[in-house]
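As structure tokens, the structure follows; a few thoughts come after it.
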Amino acid sequence: MPSTPPIAILDLGTAKTTVVVLEEREGLLRYAGRGQCESRGMRKAQVINLEFAAEAIRLAVEAAERSSGLPIERVFLSLTGAQPLGLSSQAGVALTSRSREITREDARRALELARDIQLPEGREILHVVPQEFVLDGQGGVRDPVGMLASRLEARAFLLTVASAPKQNLVIAANRAGLEVEELVFAPLATADVLLRAEDRQLGAVIVDVGAGCTSLMAFAQGAPRHAAVIPVGGEHFTNDLAIAFNTPRADAEKLKCFFGAARADLVNNGSAVEVPGVGDRPSRTLPRRRLCECLESRARELAQLVRDDLERAGLLRALGAGVLLAGGGSRLAGFAELLEATLELPVHNRPPVLIDGMPDDFLQPEFAFAVGAGYYSHRVRSHHRPAARPWERWKERLLRVLDES
């Protein structure tokens, strides 16, 4: 038996519902299993049918429980829609008339004051991420605990979301018999495995191309600065092919994955593909280049929307480390190069550092969130868990030995 309840990551996407199970043993994290099924009741990363979404979650959970041999009752749940909006906030506390040592409670109190802002009706705060602390007017401090000051200020990034879409995700999980331990904005967790400390300092943006939408999170000067969702994703590419070539959507998805490219100039003029017809209509053989021209049009639109969003946020020229791609939609051949040319920034396909025991297919970009959320949730659990005294640690080890024997 595991020493603590398993960590379960629920990635409720527009195309697929995935549950990844991890075990914690003596402070270490290990992959235990997963379950996956086709999503139902989802559109553009939002719930449109609670019962269908809950049924897909139940199926994925059952498969994950069979794979891992562990019961799943609580999950860390992904969020990519819900109209995210990042806000910067600042608040301070006077400590004493003379300088004294700053405690963890002081830092927490300053952050709580920073999050105490008036929000528009129908919005709520999902994450509060410290950007920096200011001690007696001196900024740039990452961790003030133990330092001396008479006044402490906290500058924080508040990620806010629309309440109703966010709550519908929770209700869908609840109807599947699950408790939501925490909702996590997907690019924030993905950043844990794709961004290095120097990337955050130089400036970088996570671009997560999902099936229903593309979510962004930008970092600069070591902290998050911007979050957004663009309502264009991999399904739009598939739908374009289905409509343009009168082919079933399932066949359009296969054509996209096996023969598609975001740049038609990557395709030999002489190559051709067989396009299945709808119903009794026969298949046709068409130039592959025509297929890719259709995809290129949508890819250019998406790349331009990403550029426009970063320009509006005033960050396009502040991203020295460039773009880190995630999400299954980013695997389209040529998309990274097209995005690089549009943004005039370096674009990276960087594989995540896998959790112990994870199979190699988790190196693919569609699993970046699941890997990142594993590390994120482990950190959250460790932060909330009270430190055990020596005799308690000895007792825990003894009980584990007895359980395993």
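Worth a mention:
- Highest-MSF residue in the chain out of LEU119, LEU343, LEU332 [GNM, Cα springs under 10 Å]: LEU119
- Computed over the Cα atoms of the range 16-91, the ratio of the radius of gyration to the Kirkwood radius (Rg/Rh) comes to 1.10.
- Spread of Cα-to-Cα distances over 10 Å intervals beginning at zero, given as percent, for the range 234-299: 24, 59, 17, 1
- Tail weight of P(r) past 18 Å, computed on alpha-carbon pairs of the range 128-254, percent: 68 percent
- One way to sum up the overall shape of the chain is the equivalent ellipsoid from its Cα gyration tensor, whose semi-axes run 40, 28, 19 Å, largest first.
- For the chain, the longest principal axis of the C-alpha atoms and the axis of helix 390-404 are separated by about 40°.
- Dipole of the range 85-162 computed with +1 at Lys/Arg Cβ and -1 at Asp/Glu Cβ about the Cα centre; of GLN118, VAL128, VAL141, farthest Cα towards the positive end is VAL141.
- P(r) weight above 16 Å for the range 85-162, C-alpha pairs, percent: 46 percent
- In this structure the amide hydrogen of GLY33, modeled in the peptide plane, comes within under 5 Å of the amide hydrogens of VAL21, none closer than 5 places in sequence on its chain.
- Charged side chains reduced to their Cβ positions (Lys and Arg at +1, Asp and Glu at -1) give the chain a dipole of some 240 debye around its Cα centre.
- Calculated mean residue ellipticity, 222 nm, the chain: -11500 deg cm²/dmol, from DSSP H runs (n ≥ 4) at -39500 (n - 2.57) each, averaged per residue and rounded to 500.
- If you take the alpha carbon atoms of the range 3-143 and fit the smallest convex hull around them, that volume is 160 Å³ per residue.
- Calculated diffusion of the range 228-368, Stokes-Einstein form, Kirkwood radius summed over Cα pairs, 25 °C and 0.890 mPa s, µm²/s: 149 µm²/s
Read the figures in this text as sums done on the coordinates, not as results from a lab. Since we're looking at a predicted model, the values are computed, not measured. Every residue, glycine among them, receives a Cβ derived from its backbone with ideal geometry; neighbour counts consider all protein chains shown.
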